[in-house]
Amino acid sequence: MLLCLLPVGLGIILGICAVVMGSFGRTRVRRGEADNNGVAVAGIVLGIVAIVVGLAVPGYFAISYEQCRSNAHSPAELAHC
């Protein structure tokens with residue numbers, strides 16, 4: 001059960017790393033030390049997407065599970081949730 005949450009947590013952690021590293025890249029572009037502004041922006045954007053998806057997926061499953069439990073009318077249906 002806990003193993004299925006590993007990609008979600010890993011996505012959030014790697015998303016944070018992508019935002020931080022993309023910000024470092026943008027800083028270096030502004031200073032003239034690098035010329036890869038597009039890659040830095042892509043890292044920031046994809047990092048934010050990974051964080052949002054990583055936070056939304058557990059919420060979706062929690063809401064879905066609660067709806068399943070509230071619609072279950074027998075112990076067998078409850079066990080199916």
3J(HN,Hα) from dihedral phi, region 8-18, Karplus parametrisation 6.51/-1.76/1.60, rounded to Hz, x for glycine, proline: 5, x, 5, x, 5, 5, 5, x, 5, 4, 5
Which of ILE16, ILE48, ILE63 moves the most in a Gaussian network model of the chain with Cα springs under 10 Å? ILE63
So for the chain, considering every pair of alpha-carbon atoms, how many percent are separated by more than 15 Å? 66
Mind listing the phi-derived Karplus ³J(HN,Hα) values for region 32-41, rounded to whole Hz, using 6.51, -1.76 and 1.60 with θ = phi - 60°, and x for any glycine or proline? x, 8, 8, 10, 10, 4, x, 5, 5, 5
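Coordinate-derived values only; no laboratory data. For clarity, every value in this text was computed on a predicted model and none was experimentally measured.
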